[in-house]
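Notes to accompany the following structure.
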Amino acid sequence: MIFFFLIAPILTVMPLSFNAENFFTFTPAMLSFDPEGYSLKHYRDFFTNPDWQQALKNSVQIAPAATIISVSLGTLAAIGLSQPHVPFRRAIMAILISPMIVPLIISAAGMYFFYSRIGLQGTYIGVVLAHAALGIPFVIITVTATLVGFDKSLTRAAANMGANPVTTFFKVQMPLILPGVISGGLFAFITSFDEVVVVLFVGSAGQKTLPWQMFTGLREQISPTILAVATLLVIVSMLLLTTLELLRRRSERLRGLSPG
């Protein structure tokens, strides 16, 4: 029953996206499985409407850039905090993952006032940095979890063989923690691609993302195209979650936690 409660909204939205009418409810034709009651017109509207395509373009431009920053900084932070000699590790970790805990509306308001002072309000860079700040905690947590099973004697052996820290990182450490890095990157990408609260505060009309356009469609236009977009996002999320599960299993195999 809990499983059904969680997936019921998804199971409702997906068939409604094929509604031949501009309704958010099942029509008699749909309930009777009449082919005339089903249509792809909402999907056609998404792929041909310039507003939706511009929103998609903005999301595709913002999310990958934010993901790259999140993965780079989050991985370095996780590796640094995994060292036992780092002082105040727990306090630093709590601060770095605070964007996951603090309500988004508070983070968005703080970013708005901060960006207004430094001139990043309503800019592409401002939105990317805001989304990167939200994605970094996910990277830190996944990479830190991967580093728990990492054999530190491998890095010491590489150093004894004459490898410098950069070579040791890319040749020894990175291949073993790569599943965790990619997993954190996927979480950061999903966070950026689905985020709407922060972009409403720090973005402008030129940075209107796909979730922002969906929010506008619910509040102003009441467009059934939202159902088609939601279905596409669900499919993308399912593919990403499948990738995460495959990466998790690969990471366990590499660390010897599960049979090959």
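The values are calculated or read from the model by the stated rules, or taken from the named source; none is laboratory data. What you see is a predicted model; the values in this text were computed from it and never measured. All Cβ positions, glycine included, derive from the backbone under ideal geometry; neighbour counts span all protein chains shown.
Within segment 174-207, being buried (at least 20 other Cβ atoms within 10 Å of the Cβ) and of a type outside the set (A, V, I, L, M, F, W, C) holds for Pro179, Gly180, Ser183, Gly184, Gly185, Thr191, Ser192, Glu195, Gly203, Gln207.
Note on segment 140-177: residues that are within 19 Å of Leu96 (Cβ to Cβ) and of a type in the set (A, V, I, L, M, F, W, C) amount to 7. Counting just the residues of segment 238-249 that are surrounded by fewer than 15 Cβ atoms within 10 Å (Cβ to Cβ) and not hydrophobic (A, V, I, L, M, F, W, C), which one comes out modelled with the lowest pLDDT? Of everything passing the filter in segment 238-249, Arg249 is modelled with the lowest pLDDT. Meeting the requirement of 1 or more residues that are assigned by TED's automatic domain parsing to the domain that holds Leu104 and either farther than 28 Å from Thr12 by Cα or touching a strand residue (DSSP E or B) at 6+ places or on another chain (Cβ under 7 Å) (or both), the helices (runs of 4 or more DSSP H) wholly within segment 120-229 are 124-148, 153-160, 165-168, 174-194, 197-202. Residue pairs whose Cβ atoms lie under 6 Å apart, separated by 6 or more positions or on different chains, with the first residue in segment 154-167 and closer than 20 Å to Thr75 by Cβ and of a type in the set (Gly, Ala, Ser) and the second assigned to a helix (DSSP H, G or I) and modelled with pLDDT of 80 or more, are Ala158/Thr168; Ala158/Val172.
Just one residue in the set Thr27, Thr12 is in contact with an Asp or Glu (Cβ under 6 Å, 6 or more places away or on another chain), among the hydroxyl-bearing types (Ser, Thr, Tyr) and at pLDDT below 85; that residue is Thr27. When you scan segment 214-225, do you find a residue that is touching a helix residue (DSSP H, G or I) at 6+ places or on another chain (Cβ under 9 Å), surrounded by fewer than 18 Cβ atoms within 10 Å (Cβ to Cβ) and among the aromatic types (Phe, Trp, Tyr), even just one? Yes, segment 214-225 contains a residue that is touching a helix residue (DSSP H, G or I) at 6+ places or on another chain (Cβ under 9 Å), surrounded by fewer than 18 Cβ atoms within 10 Å (Cβ to Cβ) and among the aromatic types (Phe, Trp, Tyr). Pairing each residue of segment 103-120 that is within 16 Å of Ser204 (Cβ to Cβ) with any residue that is among the polar types (S, T, N, Q) and surrounded by 15 or more Cβ atoms within 10 Å (Cβ to Cβ), provided the two are 6+ apart or on different chains, yields C-beta distances under 6 Å for Tyr115/Gln121.
Taking segment 1-91 as the region of interest, the helices (runs of 4 or more DSSP H) fully inside it that hold 2 or more residues being in contact with a Leu (Cβ under 7 Å, 6 or more places away or on another chain) and either closer than 30 Å to Val143 by Cα or free of Cβ contacts under 8 Å to residues at least 40 places away in the same chain (or both) are 50-81.
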